[in-house]
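The values are calculated or read from the model by the stated rules, or taken from the named source; none is laboratory data. All values reported here derive from a predicted model rather than from experimental measurement. FYI the Cβ positions are ideal-geometry reconstructions off the backbone, even for glycines, and counts take in every protein chain you see. These area figures cover heavy atoms from the full protein model, side chains too; ligands, DNA and RNA do not enter into them. Shrake-Rupley method; radii C 1.70, N 1.55, O 1.52, S 1.80 Å.
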Amino acid sequence: MEEKPRLSRLTAILTQLQSKQLLTARKIAEKHNVSIRTIYRDIKTLENSGIPIITVEGKGFSLVDGFNLPPVMFTEKEANALITAEQLILKNKDQSFAIEYQNAIAKIKAILQHSQKEKIEFLAEKIHFRHNTENQKTSNHLMSIQSALSHFNLIDIEYHSLQDKNTKRTIEPFALYSTQDNWLLIAICRLRNDFRAFRLDHITTLTVLNQHFEPQKITLQEYFEICKQKYATPPDIPLS
């Protein structure tokens, strides 16, 4: 990867800082194919220009909480990618996901230039995904689960299993993944005291509790490795 011109790199670093809570100099340097020393100089330049950057010794850099830059401009290809993703997500089977993405993309469209808006509206009419052709929505829990997962909230669910049994569970959400058009939630099931996978379209009721749990120490990749050892092919953990 070639080194970007400095102005482009400084702009890109700002975008990175906006999208992450904390970034190390090494990560930034790897992204832009420059030395760590160069990144320290770039950070100093941004600070001197009035950007409020916090340096956390030994950990990295972040923007002062609440600091917002003016809306970024999208290239034509970036705008096209967002619109293509919109058409794909509208076919997703989780209603909450589709609605929240539409709300987000509407805000993005609002800051596009007039010429860009005309092009993406034209493009949207020329893209079609053939999976889930009837546009079925089989769950409405994805956004609530994502929030509970990131805030370490326990969840109560009523679940209709693949074995046609109804149970009530208290679970600790761990991760989400999508397979064959279905969303699955990986969680610690307190009834089984172990990891279980729950299909979102089989959750009949869901309540996020105002109770917190201690997050698992393993990463999602480590979880997949455990599954591979126990069940031959990840992530074939037992479906509840």
*Return the single residue from Ile218, Ile36, Ile99 with maximal mean-square fluctuation; model: Gaussian network over the chain, springs between Cα atoms under 10 Å.*
Ile36
_Show me, bin by bin at 5 Å from 0, the whole-percent P(r) of the range 57-133 based on Cα pairs._
3, 13, 20, 19, 15, 11, 8, 6, 3, 1, 0
*Using the scaling law 2.2 N^0.38 Å as the reference, what is the normalised Cα Rg of the chain?*
1.24
_Within the range 40-58, backbone nitrogen closer than 18 Å to the virtual label 7 Å beyond the Cα of Arg26 toward Cβ_ = 40-41, 56-58
*Gap separating the Cα centres of the range 20-71 and the range 191-209, nearest whole Å*: 40 Å
*Among Leu185, Leu206, Leu23, whose mean-square fluctuation peaks in a Gaussian network model of the chain (Cα, cutoff 10 Å)?*
Leu23
*Please find the FRET efficiency linking Lys165 to Val64, where r is the Cβ-Cβ separation and R0 is fixed at 51 Å, and quote it to the nearest 0.05.*
0.50
*Okay, helix-only estimate at 222 nm for the chain: each DSSP H run of n ≥ 4 adds -39500 (n - 2.57), divide by all residues, round to 500 deg cm²/dmol; what do you get?*
-12500 deg cm²/dmol
*What is the pair-distance distribution P(r) of the range 1-101, computed from all Cα-Cα distances in 5 Å bins starting at 0, with each bin given as a whole percent?*
2, 11, 19, 18, 15, 13, 10, 8, 4, 0
*Contour minus Cα-Cα distance for Ala106 and Met143 (0.36 nm per residue)*: 11.5 nm
*asked:* Could you compute the longest span of the chain free of GluC sites (Glu not before Pro) located in DSSP loops and having at most 14 other Cβ atoms within 10 Å, not counting the site residues?
replied: 135-240
_the range 1-106 - percent of accessible surface contributed by carbon and sulfur, probe 1.4 Å_ = 54 percent
